[in-house]
C-alpha cells in the first residue's frame, strides 16, 4: 500500500518505490529519537532578520536617520539572539516514529513529551512558507481534532522526508483501522477502502483568470492600517510638519495661487478622486491576498479522499479522508451572490489554518460545487426537496426583537430631544427608526429563506436573505439531537434543534415543536440502528 502524490507538484515531489528519493533517510519504526532538519537553524536566523526590520526602520525614521548607528547593532543583536534560540530549540526537539504512535519531545529547561496514536490522527498536512521553501523544507502538521486544533507539528523536515513521513503515518493509521474492523469480522469493506493505488482526478481548479475575478470581490482596506502605523513617522521622514493643515495650505497657495477661485470644485473633485483611490487600493489589496493565498489551487479526488494544494508564498498540501468529512457548508456574500458565486467547505475534526472547516472551493458556481459535494457523499437540494419553513411565530418574534434593538434607543433619544433639543438628536432618532423598520422587514422576508429539509440520509438547513448560506450533514455521522426552548419559545410553540456534529455546529432555529420532535425521532432512529463497530470509523 502506498500514498504517493501525483507527479507535477513542484513544492511536494513524489516519494515512494521507484522514485529517486533515498528512503533510508526516512524515519523507521522503532528508530531512535531524531532531530528535525539542521537547516531549520538557518530558517530561524532569517526569520530573526525579518523580525529586526521594523525595529530598525522605526529607530531610523524616528531619529531622522541619525539613529542608524544604534539601529544596526540592535538589529544584529536581535538576529544573534534569535539564531541562538533557534539552534537550542532545534537541538532539543526530537521525534520518534513507533509502531503504534508518534512521539515528539521538546523543551530546553523543562522537557515535554507528546504522543499521539496513529488511529487518533485525523490529518497529516504539509506546509511550506517562503523562507523554509528556499531551503527545501516543509512543516509537517498532525491534527487529531482534540480541542479543535493541531496536536503536533514538526518544523522543519526536508520535502522528501516530510512526504515519506506522511505516507508512513497514513499507512499505519489505515492498517490499524483494518485490524480493528477485522476483529469484528467485517474487514471486507475496510480493506476495499484502502487501495494500493492513489490516482488523483482533478475536481476543481482556479487559474489566473478565476483568481482575478475572485480578487475583484475581495475588497480590503488592510493596507490603510499599515499606512496609518507608518504615518506617525512621517514628520521625521519628510523633515516638516506633515500633518499640519496650514503647511499644506501654504504650499497650495504658493504653487497654485488661484486655487481659491475653485474651492468648491476642488473639494468635489477631491472627494471623487479619494473615493476612486480608495476603491483602487482596496481592490488591489484584495487581489494580492487572493493571489497569495489561492495561487495554484487544485482539489483532487484520490483513492483515500480529497487532496488540496494552494499558495504562492506559503504552499499547503492537505489530504482529507472522505470518511472523516462530517458535513459541508455552502456560503456566499452580498455582492458575489448576485453574480452566482459561492464557496464550499468540508466540516471535519481537523482544522484549516485555524478555521473549523476545510475550504475546498472558495469561489465557484453551484454547478461546480455539486460534483464535489457528490464525491463527498452529499446531495445538493433541488426542486423535489421537501422544504419545511421556520415557524411564523418565530419569525414574528425575531422581527419584534430586532426592531426593539433600534426602537428603544430611538425612544430614549426622542425623550432626550424633547428636554435638551439638540439638533443632531432628531437625525439620530430618525435613523434608528428607519433601521428598526428595515430590520423588521428583513425578518419578514427571511421566513421564505429560513428552512430545512430531512431525507433518508441527510439533513439540510438554509437561511439568509441577502447572502444565503446552507449546511448539510449526514444523519449517520450525527452524535446527538437536542431540542432547546427558551421562555418565549415554550410559550409560542417552537424550538431550536441542535445536532451534535464532530468538528462543527449544526443548529436549526425556529422549528415548530411537533416538527422538531419528528426530526429528533428520525435522526435518532438512524443513529441507534447503526452498529458503529461495523463502520470504517466510528
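A short reminder: the numbers here are calculations on the coordinates, not readings from a lab. The structure presented is a predicted model; accordingly, all values stated were derived computationally and were not measured. Don't worry about glycine lacking a Cβ; one is built from the backbone with ideal geometry, like all the others, and counts go over all protein chains shown.
Give the residues of segment 331-349 whose amide nitrogen is closer than 17 Å to a point set 7 Å from the Cα of residue 502 in the direction of its Cβ.
Backbone N within reach: 346-349.
Going by average Cβ neighbours within 10 Å, how do the peptides 339-345, 72-78 rank, with the highest at the top?
339-345, 72-78
Which parts of segment 480-503 would a label at residue 513 reach, counting a residue when its backbone N lies under 13 Å from a point 7 Å out along Cα-to-Cβ?
Only 484-496 fall inside the zone, counting backbone N under 13 Å.
If we sort 374-384, 46-56 on the protection proxy, mean other Cβ atoms within 10 Å, highest first, what's the order?
46-56, 374-384
Can you pull the one-decimal nm distance between simple spin-label points at residue 278 and residue 335, each 7 Å off the Cα toward Cβ?
In this crude spin-label approximation the distance works out to 1.3 nm.
Along Cα→Cβ, 7 Å out, is where each label goes; now give me the distance between the ones at residue 106 and residue 386 in nm to one decimal.
For residue 106 paired with residue 386, the spin-label model returns 5.1 nm.
Say a paramagnetic label sat at a point 7 Å from the Cα of residue 438, along Cα to Cβ; which residues of segment 390-411 have their backbone N under 13 Å from it?
Hits in segment 390-411 for residue 438 at 13 Å: 406.
Once the Cβ-Cβ distance between residue 212 and residue 455 is put in as r, and R0 is 25 Å, what FRET efficiency do you end up with, to the nearest 0.05?
According to the calculation, E is roughly 0.05.
Which of 170, 34 has the fewest other C-beta atoms within 10 Å, and how do the rest follow up to the most?
Listed from fewest to most nearby Cβ atoms, that is 34, 170.
Looking at the square roots a ≥ b ≥ c of the eigenvalues of the Cα gyration tensor of segment 445-517, which shape do they give, rounded for a/c under 1.5, prolate if a/b is larger than b/c, or oblate?
The shape class here is oblate.
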